[in-house]
Protein chains: 2
Amino acid sequence: MRIGELSERTGTSRRLLRYYEEQGLIVVERSPNGYREYDERYVDRVLQIKGLLEAGLPTRIIKRILPCLDQPRAIYVSHATPETIAVLERECDRMNERIRFLVHNRDSISAYLDEVRRGRGPDAPETDPGSDTTPAATSSEESVGSRADL
Amino acid sequence: MRIGELSERTGTSRRLLRYYEEQGLIVVERSPNGYREYDERYVDRVLQIKGLLEAGLPTRIIKRILPCLDQPRAIYVSHATPETIAVLERECDRMNERIRFLVHNRDSISAYLDEVRRGRGPDAPETDPGSDTTPAATSSEESVGSRADL
DNA sequence: ATTGACCCTCACACTTATGGAAGGGTTTGA
DNA sequence: TCAAACCCTTCCATAAGTGTGAGGGTCAAT
C-alpha cells in the first residue's frame, strides 16, 4: 500500500510516517517511481510506534526498543550489543517508574472524581457512564484556575 | 527557602522552577528584594510536577490536575467546573491507556532481556544485578541499528 | 569597599514531535 | 488531453520543555 492508505489505516499523518522513516524507526521500500510502498506489517508497526510515543518514549529510544519487540524474538537475541542491553535495562527501569507514577496519580484523580460525583449526587450534569463523547471545549477555557495556586 | 535550595532539593534547574511558575503550575511569594521565597510544601509540589511531566502530561493539563491532588481533598470539590471534570475524566482515560501500553511494552522488553540473559549464560558481561551504574555512553552510539528495520 | 555567591528578567537557541506550504512529478479517470 | 488526486522533497513554522548567557541587582564576609 502507499502512504495515503497507511495514513488512514493507522490514523497517522503522512508527514509523520515520513518522519518516522527519517528517524530510522521504519525502513520503507520504494516503487520504481519513488513512491513509498508499505506492506501489511507496517500497520502494526506504526501503531506500536505511536503507542510508544504516546507513552512518552523519544524516537531515539523507540528505535532501540522496537527490534526487541518482534514476535519471533529469539532470532534477534544476538543483535544486541551489551551497550544496547544496558540502555534497555535503564529504559525498563524508567518505564517502571513511569508506570508507578502514572498509577499513583491516576488513582488520585480517580478518587477525586469519585468524590466529586458522590458529593454532587445524581443530579450531576455529565455523569453519564457509557457516553465517551469529548464535549467541544467551551468558552470558559481559562477561567478554571481560580484556586490552582499552591 | 530560595530558588537555589529548592533547585538542589528537587533536582530541578532554577530555569525550570521559574518556568513552572510562568506556566501557572506554582504561585510563589516574593521577598521584599524580589527573590522568590518557597516554603517546604514546594518540595513535594515540584516533585509531583516533575513526575507528571515525566509521565507525559503537558503543563496545561497538570495545571488542572494539581489542585485535585491535594491531601485535604474534599474542600476543593466545589472548585471544579463540569468542564474541568470532563477534562479530568478524559485525562484519566488517557492515563489508563498509557499505563496499559507501558505495561505491555515493559513486559515485552523484560521478556527480551530475560531471554538475552539466559541465552548468553552466566558469562554475560554486565549482568550484575544490584549495580545500577549508568555506563558512560560509549563511542559506538550509532552502530546499533544493524537490523533495526522492519 | 570589594569580592563572590546568590538572585532577577529578558531573550535567544535547541530539540522533538508535528503541521503546512511550495514546487514539481505520476497515475487515473473522464 | 486535461484535471484530480496522489506522491515526492525541501524548507519553514510552532509548541513545549530546557539550556544558557547577558546585563544587572542584593547581600554576607573579608
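Taken together, the criteria exclude B:GLY51 from residues that are more than 9 Å from DNA strand D (Cβ to nearest atom) and at positive phi.
Of all the numbered requirements in (1) under 23 Å from A:ARG94 (Cα atoms); (2) exposed (fewer than 14 other Cβ atoms within 10 Å of the Cβ); (3) modelled with pLDDT of 60 or more; (4) at the interface with chain A (Cβ under 8 Å from one of its Cβ atoms), B:LEU66 misses one, and that requirement is (2).
Candidates B:LEU88, B:LEU6: the one that is at pLDDT 95 or above, away from DNA strand D (no atom under 11 Å from the Cβ) and under 30 Å from A:GLU91 (Cβ atoms) is B:LEU6. If you go through segment B:27-47 and keep only what is within 13 Å of DNA strand D (Cβ to nearest atom) and within 26 Å of B:MET95 (Cβ to Cβ), you end up with B:VAL46, B:LEU47.
In segment A:6-62, how many are part of a loop (DSSP other than H, G, I, E, B) and either among the basic types (Lys, Arg) or within 8 Å of DNA strand C (Cβ to nearest atom) (or both)? Qualifying residue count, segment A:6-62: 10.
Among residues of segment A:1-13 that are closer than 11 Å to A:ARG36 by Cβ, those with a Cβ under 8 angstrom from a residue that is in a helix (DSSP H, G or I) and within 9 Å of DNA strand D (Cβ to nearest atom), sequence gap 6+ or separate chain, pair up as A:ILE3/A:ARG14; A:ILE3/A:LEU17; A:ILE3/A:ARG18; A:GLY4/A:ARG14; A:LEU6/A:LEU17; A:SER7/A:ARG14; A:SER7/A:LEU17.
When B:ARG90, B:ARG30, B:ARG36, B:ARG100 are checked against the criterion of being surrounded by fewer than 15 Cβ atoms within 10 Å (Cβ to Cβ) and more than 28 Å from A:LEU53 (Cβ to Cβ), B:ARG30 stands alone in meeting it.
The values are calculated or read from the model by the stated rules, or taken from the named source; none is laboratory data. Quantities reported herein were computed from a predicted structural model and do not represent experimental measurements. Ideal geometry is used to build each Cβ from the backbone, glycine not excepted, and the neighbour counts take in all protein chains shown.
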